[in-house]
There are 2 protein chains.
Amino acid sequence: MKFLAEIEVLPKKGLLDPQGKAVTHSMSSIGLNNVLEVCVGRFITLEIEADNESSAFEAADTASKKLLANLIMESYKIRISEL
Amino acid sequence: MKFLAEIEVLPKKGLLDPQGKAVTHSMSSIGLNNVLEVCVGRFITLEIEADNESSAFEAADTASKKLLANLIMESYKIRISEL
């Protein structure tokens with residue numbers, strides 16, 4: 001079976017997010033004064049061949065820990081769905 | 001009211017995604033041979049002050065179109081939730 005893993009990686013709260021800060025400042029220049037705070041991270045999708053949802057989750061979790069997220073500075077969330 | 005907009009930006013299907021290709025190749029080197037394809041994009045969260053969900057969505061949509069996504073090469077999805 002094939003699964004889709006969608007992984008959201010964001011800088012941890014309280015840590016510097018210079019890209020987010022820069023984008024926050026740009027918002028008012030395009031007329032959006034009601035955008036208070038911006039965080040910028042990465043979005044990664046994986047197509048995984050696995051027997052069931054939990055082993056697909058495990059593969060996505062290993063990939064996140066070892067390759068996709070820097071756990072010192074970033075946190076991640078995984079969503080799994082069947083393809 | 002405050003809303004959280006979560007925006008997923010991904011390269012359009014069929015367009016080059018060199019980062020995704022590179023990560024796909026790296027998967028086997030960490031023992032994940034069951035990961036078939038990887039796409040790498042951006043994940044952006046906005047904190048928005050708005051009267052209701054639809055005007056929060058509109059602000060997030062404007063931000064995506066004008067600033068956050070390159071519509072020629074990327075597509076985006078927006079999720080709105082109340083804070």
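The values are calculated or read from the model by the stated rules, or taken from the named source; none is laboratory data. A quick note: this is a predicted structure, and the numbers were derived from the prediction, not measured. Virtual Cβ from ideal backbone geometry, glycine too; neighbours counted across all protein chains shown. Just so you know, the surface numbers come from the protein's heavy atoms only, side chains and all, with ligands and any DNA or RNA stripped out. Shrake-Rupley method; radii C 1.70, N 1.55, O 1.52, S 1.80 Å.
Residue count for segment A:37-57 under the criterion of being touching a residue at least 12 places away in the same chain (Cβ under 8 Å) and open to solvent by 40 Å² or more (accessible area, probe 1.4 Å): the result is 8. Please verify whether residue A:16 is assigned to a strand (DSSP E or B), open to solvent by 30 Å² or more (accessible area, probe 1.4 Å) and either without any contact (Cβ under 8 Å) to a residue 24 or more places away in the chain or more than 10 Å from chain B (Cβ to nearest Cβ) (or both), treating the condition exactly as stated. No; evaluated as a whole, the condition is false for this residue.
Restrict the check to segment B:44-61 and report whether at least one residue is within 7 Å of chain A (Cβ to nearest Cβ) and in a loop (DSSP other than H, G, I, E, B). Yes.
Looking across segment A:68-83, the residues that are assigned to a loop (DSSP other than H, G, I, E, B) and not small (Gly, Ala, Ser) come down to A:70, A:71, A:72, A:73, A:83.
Evaluation of residue B:70 against the conditions (1) open to solvent by 50 Å² or more (accessible area, probe 1.4 Å); (2) within 12 Å of the chain's Cα centre (by Cα); (3) within 18 Å of residue A:45 (Cα to Cα) shows that the sole unmet condition is (3).
Report yes if some residue within segment B:55-69 is touching a helix residue (DSSP H, G or I) at 6+ places or on another chain (Cβ under 7 Å) and within 27 Å of residue A:49 (Cα to Cα); otherwise report no. Checking segment B:55-69: not a single residue is touching a helix residue (DSSP H, G or I) at 6+ places or on another chain (Cβ under 7 Å) and within 27 Å of residue A:49 (Cα to Cα).
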